[in-house]
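Since the structure comes first, as structure tokens, the remarks are kept for the end.
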Ligand code: URA
């Protein structure tokens, strides 16, 4: 991946307009130093819309790293990943699968909330390839520091960030595989996609499948 050099010569903000966040990643990263550096990230234009950088949360050396797409409205305000409705569903599913969230590191591929206004509401927009590429150095550094036994990708954006754009969650969900960034990874659906299913029976069935997928990760952790 080609990273551009830090552009300070022209007197610009070091984080502004860089192609990726790579120049901002500390050379000996720890979670606190990464979090601090990411707070000022301007590697893509999303920082202008978000309230703050929503960096990952959890202990260094967590067994499992849970990877979402990007913070939502509530996460953007709280500054923490997966605290809104999708996070609450995730918590229930993790508990049912026997994964203790306090043993997990939880983060997103993109660290700023991308949204467009609709009346008074802020409507989620999918991050594009450039925004994902810009943010990826933060995730790479988080994985390098946390060194999880397994990365669980929640939804297509997370899975494709790890496995490439040809990856299809529908085909591969629930299977433990090797990935370029982590020794083991598994993809499943995004909890928000379960919340969007209108039919209660179908929603319940999807939740059960989601718990089964998470259980495959739990079995690996022993
Ligand atoms: N959806 C995500 O992908 N991540 C969050 O943190 C919240 C909702």
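Annotations for the structure displayed:
- For residue 89: the one exception among (1) in a loop (DSSP other than H, G, I, E, B); (2) within 16 Å of the ligand (Cβ to nearest atom): (1)
- Single condition residue 215 does not satisfy, out of (1) farther than 28 Å from residue 52 by Cα; (2) within 17 Å of the chain's Cα centre (by Cα); (3) part of a helix (DSSP H, G or I): (2)
- Within region 157-192, the residues that satisfy the criterion of being touching a residue at least 60 places away in the same chain (Cβ under 8 Å), within 13 Å of the ligand (Cβ to nearest atom) and touching a strand residue (DSSP E or B) at 6+ places or on another chain (Cβ under 7 Å) are 158, 190, 191.
- Total residues in region 177-217, condition under 14 Å from residue 151 (Cβ atoms) and surrounded by 15 or more Cβ atoms within 10 Å (Cβ to Cβ): 12
- Residue count for region 101-127, restricted to those that are surrounded by 13 or more Cβ atoms within 10 Å (Cβ to Cβ), more than 14 Å from the chain's Cα centre (by Cα) and at pLDDT 95 or above: 4.
- Any hit, region 73-82, residues being away from the ligand (no atom under 16 Å from the Cβ), modelled with pLDDT of 95 or more, within 26 Å of residue 213 (Cα to Cα) and touching a strand residue (DSSP E or B) at 6+ places or on another chain (Cβ under 8 Å): no
- Selection count where residues are under 22 Å from residue 144 (Cβ atoms) and either within 8 Å of the ligand (Cβ to nearest atom) or in contact with a strand residue (DSSP E or B) (Cβ under 6 Å, 6 or more places away or on another chain) (or both), scope region 59-72: 9
- Only residues that are without any contact (Cβ under 8 Å) to a residue 60 or more places away in the chain and within 9 Å of the ligand (Cβ to nearest atom) were counted in region 92-110, giving 4.
- Within region 141-156, the residues that satisfy the criterion of being outside any strand (DSSP E or B) and more than 14 Å from the ligand (Cβ to nearest atom) are 141, 143, 144, 145, 146, 147, 148, 149.
- Test: residue in region 128-140 that is exposed (fewer than 13 other Cβ atoms within 10 Å of the Cβ) and part of a strand (DSSP E or B): no
- Residues that are assigned to a loop (DSSP other than H, G, I, E, B) and in contact with a strand residue (DSSP E or B) (Cβ under 9 Å, 6 or more places away or on another chain) were ranked within region 111-127; the one that is nearest to the ligand (Cβ to nearest atom) is 113.
The values are calculated or read from the model by the stated rules, or taken from the named source; none is laboratory data. What you see is a predicted model, and the numbers here were worked out from it, not measured in a lab. Reconstructed Cβ throughout: ideal geometry from the backbone, glycine too, with neighbour counts over all protein chains shown.
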